[in-house]
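K.L.:
The structure that follows is given in the form of structure tokens.
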Amino acid sequence: MNITKENLKKVFLIFCWGLYDLANQFFALNIVSLYFVRWITIEKASPEIFYSIAFGISTFFVAIAAPLLGTMSDMINRRRPFLIYLTFLSIIFTMVLGVSENIFVGLLLFMIANFGCQSAIVFYNALMVNVAPKNKIGLVSGIGKTLGYTGAILALYLIRPIVLKSGYRATFLPTGVLFFIFSLPCLIFIKDQGEKKQINLISFLKKDKILEILRTLKTTGFAANTFPGLTDFLKASFFGLCAVNTIILFMSVYASKAFKLNEIQVINLITFATFFAIFGSFTSGYISDRIGARITMILVFIIWIICIIFAAVVKNIAYYWLLGAVVGIVLGATWVVSRALAIKLVPNEKIGEVFGLFNLVGYLSCIVGPVFWGLILLLLSPLGEAGYRLSLLSLNLFLLLGLIFLLRIPKINSEAY
């Protein structure tokens, strides 16, 4: 009976943790990708560059702050307070996005909300070690991403009636409310473990403490002898995410340009791929636990390479739906397996730092990949559709480099990762 209760408690905590993945999709989809950007560019008729600059500034500050905050959390062995404060920062500023008709006020509020949401993910990822058994890291990571993609579908269908009835601006408040509701189980029930040190934020502002954080961060990020495989993992993640994040941003444009899909078909394709991403998230976690996260990640990169070649060569629209299913599966697997592999490479007391660094390379890849795509596409624009196909094919350069670094990650033992 006691064993059953203990198992039920573990399942409950895993579910509560995973619900946060679902919760932040309301912000990621409704604010970042859909309704806020449409309010700025369509309803307010402002240049898209305004939104691009706001997003870039916010991401820049996240890239700087995430590793530092992660290191700080490791020093005091507490991640939950950071998760709570940053999540509430995002929720509050999301809810008040529509208080002003002024687009610059809206953009400022968006930057703060985006900073909170993206920074909070560092500590959400780090808390996974408190709910996941060592031999089930991949599975638990997969459950989180499965719930995350489920959240994307919920965000799409729960907010859509509000848009149709009241417009884009009316979606901001309910998005913040839903973000709050679904994040509560994680914020309430997922606790820090081990000995906790008291938080003294003023002490962290002192010069010697800041220098200590930077030294610790440098040691964690670049001391391959201390953490074998970590540097190669971060390099592989950077190059892989350069390609993956670019595909996420421009998949709908490519579908229209290369396969001539109309707007409704593109939306249906994204929804279709999302369902397969849910399947890929769950199954890849199980596979990762069975054959190892390192081997699974290598397979994920290889499948991405094949998908890009296929999408660049095939012209029959029917094949694009098959491709959408495979891309959905491998997209879900990318985040699940990389998160599991990161946890396998370092001790628990360094998890905050590593996820801070992992997020940093992810943010940098969001800049490098799309800029590379834009430059290649600009050079090949006279070729029309062929230019898009060659630009897509060029993304395999990133994946091949990432695969090389993945293969350099040493094996600790046959079941290590």
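K.L.:
Looking at residue 71, is it in the same structural domain as residue 123 (by TED's automatic domain parsing), crowded, with 21+ Cβ neighbours inside 10 Å, assigned to a helix (DSSP H, G or I) and not aromatic (Phe, Trp, Tyr)?
P.N.:
Considered against the rule, which asks whether it is in the same structural domain as residue 123 (by TED's automatic domain parsing), crowded, with 21+ Cβ neighbours inside 10 Å, assigned to a helix (DSSP H, G or I) and not aromatic (Phe, Trp, Tyr), residue 71 comes out as yes.
K.L.:
Can you tell me which condition residue 98 does not meet? The list is (1) surrounded by fewer than 24 Cβ atoms within 10 Å (Cβ to Cβ); (2) over 17 Å from residue 173 (Cβ atoms); (3) not hydrophobic (A, V, I, L, M, F, W, C), and all the others hold.
P.N.:
Going through the list (1) surrounded by fewer than 24 Cβ atoms within 10 Å (Cβ to Cβ); (2) over 17 Å from residue 173 (Cβ atoms); (3) not hydrophobic (A, V, I, L, M, F, W, C), residue 98 breaks only (2).
K.L.:
Which of the residues belonging to region 123-158 are touching a Leu at 6+ places or on another chain (Cβ under 7 Å) and not hydrophobic (A, V, I, L, M, F, W, C)?
P.N.:
124, 148, 150, 151
Every residue, every condition in (1) free of Cβ contacts under 8 Å to residues at least 24 places away in the same chain; (2) among the β-branched types (Val, Ile, Thr); (3) surrounded by fewer than 24 Cβ atoms within 10 Å (Cβ to Cβ); (4) more than 22 Å from residue 153 (Cβ to Cβ), yes or no:
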position: 284; (1), (2), (3), (4): no, no, no, no
position: 288; (1), (2), (3), (4): no, no, no, yes
position: 299; (1), (2), (3), (4): yes, no, yes, yes
position: 313; (1), (2), (3), (4): no, yes, yes, yes
position: 321; (1), (2), (3), (4): no, no, yes, no
position: 331; (1), (2), (3), (4): no, no, no, no
position: 340; (1), (2), (3), (4): no, no, no, yes
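K.L.:
Right, another one. Among the listed residues 343, 306, 302, identify the single one that is closer than 14 Å to residue 142 by Cα, of a type outside the set (Ser, Thr, Tyr) and in a helix (DSSP H, G or I).
P.N.:
Exactly one of 343, 306, 302 is closer than 14 Å to residue 142 by Cα, of a type outside the set (Ser, Thr, Tyr) and in a helix (DSSP H, G or I), namely 343.
Every residue, every condition in (1) of a type outside the set (S, T, N, Q); (2) crowded, with 20+ Cβ neighbours inside 10 Å, yes or no:
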site: 23; (1), (2): yes, yes
site: 46; (1), (2): no, no
site: 56; (1), (2): yes, no
site: 93; (1), (2): yes, yes
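K.L.:
Do the conditions hold for residue 268, that is, is it over 23 Å from residue 134 (Cβ atoms) and in contact with a Pro (Cβ under 8 Å, 6 or more places away or on another chain)?
P.N.:
No: the conditions fail for residue 268.
K.L.:
Check off (1) touching a helix residue (DSSP H, G or I) at 6+ places or on another chain (Cβ under 6 Å); (2) surrounded by fewer than 19 Cβ atoms within 10 Å (Cβ to Cβ) for residue 40 and give me the number that stays unchecked.
P.N.:
Against the list (1) touching a helix residue (DSSP H, G or I) at 6+ places or on another chain (Cβ under 6 Å); (2) surrounded by fewer than 19 Cβ atoms within 10 Å (Cβ to Cβ), residue 40 comes up short only on (2).
K.L.:
Tell me, please, whether a residue that is crowded, with 21+ Cβ neighbours inside 10 Å and either modelled with pLDDT under 85 or in contact with a Leu (Cβ under 6 Å, 6 or more places away or on another chain) (or both) can be found in region 208-218.
P.N.:
no
The values are calculated or read from the model by the stated rules, or taken from the named source; none is laboratory data. Just so we're clear, the structure is a prediction, and the values are computed from it rather than from any experiment. All Cβ positions, glycine included, derive from the backbone under ideal geometry; neighbour counts span all protein chains shown.
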